[in-house]
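The values are calculated or read from the model by the stated rules, or taken from the named source; none is laboratory data. Everything numeric in this text was worked out from a predicted model, so none of it was measured. No Cβ is skipped: glycine too gets one built from the backbone with ideal geometry, and neighbour counts run over all protein chains shown.
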Amino acid sequence: MLLACQGEPKLPTSSSQEQLSRIDSLQTDTQVIRLVEGYAEHYRPFTLYQPDTALCRGVKSCVDCRAVRSWMKADFDGNGRTDVLVFGEKPFIVGTEKALICLLDSGKALPHPMGIGKYSEWHLGFDNFAEGMLPWIIEQKPKDLIAFARKVYDSEDTAGNYRCIVDTLILDKGRFIEYNPAPGRYSVKSIQFETTHCYGSCPVFKMTIDYKGKASYEALEYNRLSGRFTGLIDKDDLQELWYIVNYLKFRQMGGRYEVGETDHQTAVLTVTYEDGTADYRP
Ligand SMILES: [Ca+2]
């Protein structure tokens, strides 16, 4: 399961203009580090991850470690301009954290005196990143894909072993999602998303959206307001929502997803289809 967050595109500073417009010409690790550090202050100092480590050995059953690089060029949005995927470590609150950064050259000029290209950033975040995750590129037209090997705990293995799985990601409508060459065509009647308590003050709510876009939100506890609220979802957003439900193969997903910590909320997504069947995923 992929989690991705889209960072706000940031205007490069004048001192980094030339570096930011030269993804095609990148040849050395130093140039890549300068590109990343020039892109945003919170990446400084940035170090490249060298895949020839224990992390690679942990997932060697599902990845050819020789195919993994600290940075890889590709065309993720299919616009004919070269993008770059960088795998490294950036500063964190304490110490560093691993970061997988995608810089896209969309080719749109910013209102900037030098007329340089516009870059967008996706900083992909995953649970337990350090436990074994490696990205590499799958070349495909029109959009190259990111393959992502990760080590997961095998709950069916009584010996407590881990297994290695591979996710394949595609840049679709502005974010990376799991690649699906044959999306489903289910007609959705409604979806419901509800949360439980956490160890803290997480908002507990129940939200329902029907196929016409009528939405209701029940603010149960720890919401800024309390009560029941209704609204209408924008038509484009609604179509996008149904598209995602089909694209993500919700019907084929596993019955339960969980993390190792017990202080988080449980979130339950229920999709009800026009034929009366429903899928329920905590
Ligand atoms: Ca591109």
* Structure fact -> All conditions in (1) β-branched (Val, Ile, Thr); (2) surrounded by 13 or more Cβ atoms within 10 Å (Cβ to Cβ); (3) farther than 30 Å from Gly254 by Cβ; (4) modelled with pLDDT under 80 are true of Val59 except (3)
* **Hits in the range 180-202 - residues which are free of Cβ contacts under 8 Å to residues at least 40 places away in the same chain and within 23 Å of the chain's Cα centre (by Cα)** => Pro181, Ala182
* Looking at Asp29, Asp83, which one is among the charged types (D, E, K, R), at pLDDT 85 or above and within 16 Å of the ligand (Cβ to nearest atom)? -> Asp83
* Structure fact -> Within the range 229-249, the count of residues that are hydroxyl-bearing (Ser, Thr, Tyr) and without any contact (Cβ under 8 Å) to a residue 60 or more places away in the chain comes to 1
* Asked: In the range 155-197, which residues are of a type in the set (Asp, Glu) and either modelled with pLDDT of 85 or more or closer than 24 Å to Thr270 by Cα (or both)?
  -> Asp167, Asp172, Glu178, Glu194
* Structure fact -> For the range 68-97, the count of residues that are assigned to a strand (DSSP E or B) and of a type in the set (S, T, N, Q) equals 1
* To do: Among what's in the range 87-101 and is out of contact with any Leu (no Cβ under 7 Å at 6 or more places or on another chain) and touching a residue at least 40 places away in the same chain (Cβ under 8 Å), pick the residue that is nearest to the ligand (Cβ to nearest atom).
  => Ile101
* Structure fact -> (1) surrounded by 15 or more Cβ atoms within 10 Å (Cβ to Cβ); (2) among the hydroxyl-bearing types (Ser, Thr, Tyr); (3) over 24 Å from the mean Cα position of the chain (by Cα) all hold for Ser226 apart from (1)
